[in-house]
């Protein structure tokens with residue numbers, strides 16, 4: 001509309017209530033407009049069928065979906081940015097040798113720190129490295145069960161490493177962090193979270 005947002009500037013003008021109520025009169029029996037309407041509806045139906053066929057073809061031929069991560073962040077009222085993130089669009093090479101049925105591994109994570117920046121930074125720097133070390137190597141009986149176990153072990157190991165480092169400091173660190181991690185294995189997403197982030 002005029003003076004409105006640029007988002008809707010390319011839309012046609014709104015129809016008035018009168019035009020909508022007069023639509024049945026335009027489609028009355030024997031009118032020329034009716035035939036034109038019917039023709040355009042038939043063309044739309046035909047186009048719709050073709051579109052559905054195209055969608056079916058595309059859907060059936062989909063291989064590994066492409067993933068590309070993006071991030072935006074904003075520091076709140078605290079003095080330091082206590083959050084951290086990691087975007088690794090493809091860690092397939094780092095995870096070799098993979099089970100033969102896996103062709104792509106991607107990793108995305110957000111860490112919401114509290115009480116300081118050290119826990120979220122530690123998790124951002126180490127969780128994916130621990131995951132790569134623990135990721136299934138070679139053939140496995142069940143990829144799904146193995147990946148789930150890998151995520152659990154990775155979170156536990158990273159937590160233990162941070163607690164060991166934090167407790168060795170004088171005074172001991174009181175930092176903490178939530179974690180939300182998405183591991184894409186081919187076209188399956190494994191989502192793990194710790195704390196109140198989801």
Q | Net lengthening on full extension, residue 174/residue 80 (0.36 nm per residue, minus Cα-Cα) | A | 32.3 nm
(Q) Neighbour counts of other C-beta atoms within 10 Å: give me 122, 111 arranged from fewest to most. (A) 122, 111
Q: Arrange the following residues from fewest to most other Cβ atoms within 10 Å of their Cβ: 92, 158.
A: 92, 158
Q | Percentage relative contact order, the stretch 63-198, counting C-alpha pairs under 8 Å, at least six apart | A | 28
Q | Gain upon complete extension [residue 164, residue 191; 0.36 nm per residue less C-alpha separation] | A | 7.1 nm
Q) Between residue 198 and residue 96, 0.36 nm times their residue separation minus their Cα-Cα distance comes to what? A) 33.8 nm
(Q) Quick check on the exposure proxy: order 128, 114 from fewest to most C-beta atoms within 10 angstrom. (A) 114, 128
Q: Could you let me know the centre-to-centre spacing of the stretch 97-122 and the stretch 139-198, using Cα atoms, in angstrom?
A: 8
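A short reminder: the numbers here are calculations on the coordinates, not readings from a lab. From a predicted model like this one, the values you see are computed outputs, not experimental measurements. So basically every Cβ, Gly included, is an ideal-geometry build from the backbone, and we count neighbours across all protein chains shown.
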